[in-house]
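Asker: Can you read through this structure? Questions will come right after.
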Amino acid sequence: MKDKIAVIINRARAAQNIFAQYSQEKVDETVTAVAWAICNPKNNKHLSELAVASTGLGKIEDKIIKNRRKTLGLLRDLKKAKTVGIITEDKIKGIIEIAKPVGVVGAITPSTNPVATPMNNILNAIKCGNAIIISPSPAGLKVFNELLKFIHIELSKIGAPLDLVQAVPDPVTKDLTKELMRQVDLVIVTGSQNNVREAYSSGTPAIGVGAGNATVIVDETSNLQEAAAKIKASKIFDNSTSCSSENNLVIVTSIYDKFVKELQNIGGLLLNADEKKHLQSQLWIDGKLNRKILAKTAFEICKEFNLTKTYSEDNSFIIVEETGVGKSFPFSGEKLSPVLTIFKAKDFNDAKKISNQILEYQGKGHSIGIHSKNDDRVLELGLELPVCRVIVNQAHTFATGGSFRNSLPFSLSMGCGTWGENSIYDNLNYKHFLNLTRIVREIDGTEPGLKDYFQDYCSQHDSKNLDQL
């Protein structure tokens with residue numbers, strides 16, 4: 001086991017040693033070459049088809065869009081970034097910053113995004129002069145190996161070392177992945193929280209991201225039609241494989257019935273109590289999400305599990321009403337399927353309270369969404385709730401991981417801060433793949449005296465010692 005990983009690590013180090021001598025221009029050319037491996041429309045279509053066929057998750061057309069959009073967005077973020085040699089020089093502060101690679105990165109990626117997530121990690125790693133080894137999920141290995149083949153074709157065209165990008169040898173096992181974590185210089189983990197914990201205990205510097213369970217408040221000031229359309233588009237995209245897909249809506253009472261009707265008008269199928277109970281028995285088996293339901297369409301779920309007699313192909317998502325939060329109310333958690341849970345809140349303050357309860361149960365640190373025209377309420381969420389992102393009047397799936405219409409970094413891995421037991425709070429981005437060396441020069445400066453900081457304090461609380469300042 002140890003030797004198997006050591007072989008590919010040694011190859012990666014040899015390739016990275018060559019790559020570390022590249023200029024910024026050559027590094028950027030390599031980034032472009034690797035990105036073309038997925039952005040080439042023929043490759044993208046083939047990889048998307050293979051991803052759905054091999055994992056059974058998601059929709060081909062949406063994976064094509066995701067692969068292209070996420071990669072183009074990341075290229076936008078990377079285009080002007082300096083990652084080689086001197087990247088900043090501040091003469092006033094006397095600081096020069098020099099970017100250096102971390103070395104060999106090991107990235108553990110999920111079956112839900114077997115192409116887009118590895119590519120995001122690869123481009124960030126390459127941009128910073130690193131080599132990278134991917135450990136895909138067993139279900140995603142076939143499609144990643146196909147992506148790897150395309151990447152190597154592009155690297156060959158520019159004469160770059162092929163071993164800059166590698167995969168854990170087939171078959172991928174937990175033991176191989178653990179050994180990879182131990183031998184690389186940096187571990188990146190997206191997906192399984194068990195893998196995140198393994199990474200943190202590997203002895204290697206690690207960045208893991210937390211669990212999603214996106215909750216969105218809809219208040220009485222929002223444009224209900226626009227909010228419903230955005231929520232639907234986000235919820236059904238790639239059959240809800242994203243950790244940022246809306247899982248729970250908290251709707252204030254005054255617009256509750258009207259908004260539920262709006263959701264039904266655009267394809268939402270509202271279940272009655274018996275249908276909800278039946279869906280719960282199928283969606284969770286022994287407390288775990290049933291893989292036979294994950295990332296299927298609402299129509300497929302209704303048909304395969306005889307969920308209700310009233311469904312049609314026009315139903316693109318399923319709605320269940322819920323009143324409680326926690327393990328006894330599994331619909332309040334992440335579902336990875338086009339199932340949307342709705343809660344009724346008395347008012348905005350109650351909506352905050354319910355949302356916080358949901359976050360405490362699952363998804364703490366990740367994000368909260370709100371559809372509202374009240375800026376004070378938006379700010380309240382940011383000030384009061386334990387989240388790293390407040391997504392305002394946007395489709396959550398498209399916004400949380402970076403968008404062409406917001407300024408978050410394009411990413412498929414969202415840090416959740418200490419709330420989510422993560423080492424980062426930001427969207428994973430290229431800066432997390434760098435080491436920095438700082439050259440520090442002496443500057444003009446004055447040393448403060450006690451009076452500068454303690455005169456006001458002593459005047460109020462310790463006047464007898466004022467003469468000591």
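Asker: I'm trying to understand the selection: among the residues of region 1-56, which are modelled with pLDDT of 95 or more, under 25 Å from the mean Cα position of the chain (by Cα) and of a type in the set (Ser, Thr, Tyr)?
Answerer: Across region 1-56, the qualifying residues are Thr30, Thr32, Ser48.
Asker: Could you tell me whether region 343-364 includes any residue that is part of a loop (DSSP other than H, G, I, E, B) and buried (at least 23 other Cβ atoms within 10 Å of the Cβ)?
Answerer: Checked against the condition, which is being part of a loop (DSSP other than H, G, I, E, B) and buried (at least 23 other Cβ atoms within 10 Å of the Cβ), region 343-364 yields at least one hit.
Asker: Still on this model: So Ile95 ticks every box in (1) within 29 Å of Leu436 (Cβ to Cβ); (2) touching a helix residue (DSSP H, G or I) at 6+ places or on another chain (Cβ under 9 Å); (3) not basic (Lys, Arg) but one. Which box is left unticked?
Answerer: Tallying (1) within 29 Å of Leu436 (Cβ to Cβ); (2) touching a helix residue (DSSP H, G or I) at 6+ places or on another chain (Cβ under 9 Å); (3) not basic (Lys, Arg), Ile95 fails exactly one: (2).
Asker: May I pose another question? Evaluate the following for Lys142: is it surrounded by fewer than 24 Cβ atoms within 10 Å (Cβ to Cβ), of a type in the set (Lys, Arg), in the same structural domain as Lys82 (by TED's automatic domain parsing) and in contact (Cβ under 8 Å) with a residue 40 or more places away in the chain?
Answerer: Yes: the conditions hold for Lys142.
Asker: So which residues in region 187-201 are of a type outside the set (D, E, K, R) and over 16 Å from the mean Cα position of the chain (by Cα)?
Answerer: The answer is Asn194, Ala199, Tyr200, Ser201.
Asker: Would you mind finding the one in Ser240, Ser202, Ser222 that is closer than 26 Å to Asn121 by Cβ, among the polar types (S, T, N, Q) and in the same structural domain as Ala351 (by TED's automatic domain parsing)?
Answerer: Testing whether each residue is closer than 26 Å to Asn121 by Cβ, among the polar types (S, T, N, Q) and in the same structural domain as Ala351 (by TED's automatic domain parsing) leaves just Ser240.
Here is a yes/no grid of residues against (1) touching a Cys at 6+ places or on another chain (Cβ under 9 Å); (2) under 23 Å from Gln16 (Cα atoms); (3) crowded, with 20+ Cβ neighbours inside 10 Å:
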{"site": "Leu164", "(1), (2), (3)": "no, yes, yes"}
{"site": "Val172", "(1), (2), (3)": "no, no, yes"}
{"site": "Asp175", "(1), (2), (3)": "no, no, no"}
{"site": "Arg182", "(1), (2), (3)": "no, yes, no"}
{"site": "Gln193", "(1), (2), (3)": "no, no, no"}
{"site": "Val196", "(1), (2), (3)": "no, no, yes"}
{"site": "Ser202", "(1), (2), (3)": "no, yes, yes"}
{"site": "Gly210", "(1), (2), (3)": "yes, no, yes"}
{"site": "Val216", "(1), (2), (3)": "no, no, yes"}
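So that you can scan it fast, the table gives a plain yes or no per residue for (1) in contact (Cβ under 8 Å) with a residue 40 or more places away in the chain; (2) more than 14 Å from Pro101 (Cα to Cα); (3) in contact with an Asp or Glu (Cβ under 6 Å, 6 or more places away or on another chain):
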{"site": "Val52", "(1), (2), (3)": "no, yes, no"}
{"site": "Ile60", "(1), (2), (3)": "no, yes, yes"}
{"site": "Ile64", "(1), (2), (3)": "no, yes, no"}
{"site": "Arg76", "(1), (2), (3)": "yes, yes, no"}
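Asker: For Gly369, state whether it is assigned by TED's automatic domain parsing to the domain that holds Leu340, closer than 27 Å to Leu72 by Cα and surrounded by 21 or more Cβ atoms within 10 Å (Cβ to Cβ).
Answerer: yes
Asker: Can you tell me which of Ile98, Ile126, Ile108, Ile122 is among the hydrophobic types (A, V, I, L, M, F, W, C) and surrounded by fewer than 24 Cβ atoms within 10 Å (Cβ to Cβ)?
Answerer: Only one candidate passes the filter, namely Ile98.
Asker: Another question about this same structure. Kindly list the number of the only condition in (1) buried (at least 24 other Cβ atoms within 10 Å of the Cβ); (2) among the small types (Gly, Ala, Ser); (3) farther than 19 Å from Val196 by Cβ that fails for Gly56.
Answerer: Against the list (1) buried (at least 24 other Cβ atoms within 10 Å of the Cβ); (2) among the small types (Gly, Ala, Ser); (3) farther than 19 Å from Val196 by Cβ, Gly56 comes up short only on (1).
Asker: Hey, another quick one. Take the residues in region 230-251 that are of a type outside the set (A, V, I, L, M, F, W, C) and part of a helix (DSSP H, G or I), then tell me which one is nearest to His371 (Cα to Cα).
Answerer: Applying the filter and picking the extreme gives Lys230.
Asker: Give me the residue from region 427-460 that is surrounded by 17 or more Cβ atoms within 10 Å (Cβ to Cβ) and assigned to a loop (DSSP other than H, G, I, E, B) and, out of that set, nearest to the chain's Cα centre (by Cα).
Answerer: In this case the residue turns out to be Leu428.
To keep it simple, each residue is scored yes or no on (1) in contact with a helix residue (DSSP H, G or I) (Cβ under 8 Å, 6 or more places away or on another chain); (2) more than 20 Å from Phe398 (Cβ to Cβ); (3) not small (Gly, Ala, Ser).
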site: Asn248; (1), (2), (3): yes, no, yes
site: Lys258; (1), (2), (3): yes, yes, yes
site: Leu269; (1), (2), (3): yes, yes, yes
site: Ala273; (1), (2), (3): no, yes, no
site: His278; (1), (2), (3): no, yes, yes
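Asker: Looking at Val216, Val209, which one is at pLDDT below 95, among the aliphatic types (A, V, I, L, M) and within 25 Å of the chain's Cα centre (by Cα)?
Answerer: Val209
Asker: Tally up the residues in region 160-188 that are among the aliphatic types (A, V, I, L, M), closer than 27 Å to Gln24 by Cα and in a helix (DSSP H, G or I), please.
Answerer: Residues flagged as among the aliphatic types (A, V, I, L, M), closer than 27 Å to Gln24 by Cα and in a helix (DSSP H, G or I) within region 160-188 amount to 2.
Asker: I'm told Ser254 meets every condition in (1) part of a helix (DSSP H, G or I); (2) touching a strand residue (DSSP E or B) at 6+ places or on another chain (Cβ under 6 Å); (3) small (Gly, Ala, Ser) except one. Can you identify the failing condition by its number?
Answerer: Of everything listed in (1) part of a helix (DSSP H, G or I); (2) touching a strand residue (DSSP E or B) at 6+ places or on another chain (Cβ under 6 Å); (3) small (Gly, Ala, Ser), Ser254 misses just condition (2).
Asker: For region 340-371, give me the residue count where each residue is in contact (Cβ under 8 Å) with a residue 12 or more places away in the chain, polar (S, T, N, Q) and over 18 Å from His396 (Cα atoms).
Answerer: Going through region 340-371 one residue at a time, the tally reaches 1.
Asker: Here is a further query. Consider Lys464 carefully, then state whether it is without any contact (Cβ under 8 Å) to a residue 12 or more places away in the chain and closer than 30 Å to Leu186 by Cα.
Answerer: No, not satisfied.
Asker: Any residue at all in region 277-286 that's under 22 Å from Gly58 (Cα atoms) and part of a strand (DSSP E or B)?
Answerer: yes
The values are calculated or read from the model by the stated rules, or taken from the named source; none is laboratory data. Computed from a predicted model, the values in this text were never measured in an experiment. Neighbour counts run over all protein chains shown; Cβ positions are idealised from the backbone, glycine included.
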